[in-house]
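Following: one structure in structure tokens, then a few remarks.
The values are calculated or read from the model by the stated rules, or taken from the named source; none is laboratory data. As the structure is a prediction and not an experimental result, all values here were calculated from the model. Cβ sites come from the backbone with ideal geometry, for glycine too, and all protein chains shown count toward neighbours. These area figures cover heavy atoms from the full protein model, side chains too; ligands, DNA and RNA do not enter into them. Shrake-Rupley method; radii C 1.70, N 1.55, O 1.52, S 1.80 Å.
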Amino acid sequence: MTRQLALLGSAVCLVLSVGAASAVDLPIRKPGLWEMKMVRTGGPMPEITMQHCTDETTDKDMSTAASPLAKEICSKQDIQKTATGYVGDSVCGVAGVSVTSHTEITGDFNSAYTVKSTSHSEGRPSGPRDATTTVEAKWLGTCKSDQKPGDIIMPGGMKMNIKDMQKLKDLLPKQK
């Protein structure tokens with residue numbers, strides 16, 4: 001369970017690094033079931049594949065919900081549209097750990113998109129760390145009959161709803 005929460009935390013951090021309100025709003029994904037494969041190098045996290053049931057309201061709400069949390073923990077959030085997609089840079093900190101990241105997003109948000117993020121963290125007990133995270137997302141079709149918009153199905157079948165983001169925020173260590 002702790003491992004699944006850590007994996008979910010990684011996914012939420014990636015969402016915060018690219019999804020918060022900024023100079024440019026990201027497009028809304030096509031409604032339905034998205035498969036997201038996350039591969040991370042430079043750390044102990046294994047490759048994970050999760051599914052996310054979404055609709056237009058949920059995607060908009062994710063940005064709105066992530067924005068206050070990002071404002072609390074990020075001193076920099078910048079996303080710009082480019083000829084091939086979007087580029088973002090952020091500096092965020094939680095519990096004395098500062099993470100500087102650069103993110104590139106490409107794809108059409110209707111059938112597939114890719115998020116590539118490089119990060120450098122400082123303040124970890126084990127020392128500085130560089131990591132690269134790639135999320136490859138593809139649209140699978142309509143959500144399953146037992147899913148509602150916002151549901152995320154993690155490896156092992158753990159299911160939660162992204163609308164519970166406030167609960168995740170309450171689990172973060174308080175800033176000093």
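Summary table below
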| quantity | calculated |
| --- | --- |
| Condition broken by Lys116, with the remaining ones in (1) touching a residue at least 60 places away in the same chain (Cβ under 8 Å); (2) open to solvent by 70 Å² or more (accessible area, probe 1.4 Å) satisfied | (1) |
| Residue within the stretch 77-94 that is more than 24 Å from Met158 (Cα to Cα) and assigned to a helix (DSSP H, G or I) present | no |
| Check on Thr58, in a strand (DSSP E or B) and surrounded by 15 or more Cβ atoms within 10 Å (Cβ to Cβ) | no |
| Residue list for the stretch 119-131, filter: touching a strand residue (DSSP E or B) at 6+ places or on another chain (Cβ under 7 Å) and open to solvent by 40 Å² or more (accessible area, probe 1.4 Å) | His120, Glu122, Gly123, Arg124, Pro128, Arg129, Asp130 |
